[in-house]
Amino acid sequence: MAVIASIQVGRPRERGTEGAADPMDRPWFSAFVKDPVTGPIALGTINLEGDDQADRVNHGGVDKAVLLYSSSHYPLWRAELGLPEIPHGGWGENFTIDGQAEPDVCIGDVYRMGDAVVQVSQPRQPCWKLARRWRIKTLVVTTQNNGRTGWYCRVLKTGTVAPGDALEPIERPNPDWTISRANRIMHIDKRDLDAAAALAAVPELSANWKATLGKRAAKQEEVDPRRRLEGPDAR
């Protein structure tokens, strides 16, 4: 059974230096950098207590109330990036999870954690703030392509959660639709329009992913991902 290894929350704040020559050092406003929570905390319908999003157009909301990330990824990132100081929460997640990763989690999975109930809604699509956090321009694309993205949940029942709480499985309506498979369809196998249509038809998938994949299946123009990947002033 998976367990919440740690919980992190953060409020938006300004970082960087105005007029910096290196785009990685320029100002950016984000709640990406989060602090650990040691005790029980309230989980609401769109946020953990003490957590928020700077960009509420592209982050947060009912379908992306909390971000989960596997603790098993951190030893790999620390070794690959030569950054042994990367802590839990380093990928901006609210819940760092022991015992689960993207191949083990499916769209629509329902779990009880503490006295709250959550449902998996979509893989996380990493944005440029991850690269800015660790000052590695290619990190967003690397995360997207290797599938260590994490995943979002919506909250079906509010309640209190704490580090050490188990994720007790309640329901798995879509055992074939793992987070890993959904990531491949969205980012790698973009020409497979039948797969895009099939994933878009999964009832528990987030509205945002349904819209994006529906457009792809209908051969309509998609939103250019470069701004998400590179940020507003990467060039």
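The values are calculated or read from the model by the stated rules, or taken from the named source; none is laboratory data. Here the structure is a predicted model, which means the values were calculated and not measured. Note: ideal-geometry Cβ built from the backbone for every residue, glycine included; neighbour counts use all protein chains shown. All accessible areas refer to the heavy atoms of the entire protein, side chains included, with ligands and DNA or RNA removed. Shrake-Rupley method; radii C 1.70, N 1.55, O 1.52, S 1.80 Å.
Side notes on the structure shown:
- With respect to the conditions (1) under 23 Å from Ile170 (Cβ atoms); (2) at pLDDT below 95, Ala42 falls short on a single one, namely (2).
- Filtered residue count, the range 134-161, keeping only those that are within 26 Å of Leu43 (Cα to Cα) and either open to solvent by less than 20 Å² (accessible area, probe 1.4 Å) or touching a Ser or Thr at 6+ places or on another chain (Cβ under 8 Å) (or both): 11
- Under the condition of being assigned to a strand (DSSP E or B) and either touching a Lys or Arg at 6+ places or on another chain (Cβ under 6 Å) or open to solvent by 10 Å² or more (accessible area, probe 1.4 Å) (or both), the residues counted in the range 118-133 number 2.
- Residue-level analysis places Ala65 outside the set of residues that are touching a Ser or Thr at 6+ places or on another chain (Cβ under 8 Å), touching a residue at least 40 places away in the same chain (Cβ under 8 Å) and surrounded by fewer than 19 Cβ atoms within 10 Å (Cβ to Cβ).
- Qualifying residue in the range 49-72 (condition: in contact with a helix residue (DSSP H, G or I) (Cβ under 7 Å, 6 or more places away or on another chain) and of a type in the set (Val, Ile, Thr)): no
- Residues of the range 99-113 that turn out to be in contact with a Leu (Cβ under 6 Å, 6 or more places away or on another chain) and closer than 13 Å to Leu205 by Cβ, as a count: 1
- Some residue of the range 78-85 being modelled with pLDDT of 95 or more and open to solvent by less than 10 Å² (accessible area, probe 1.4 Å): no
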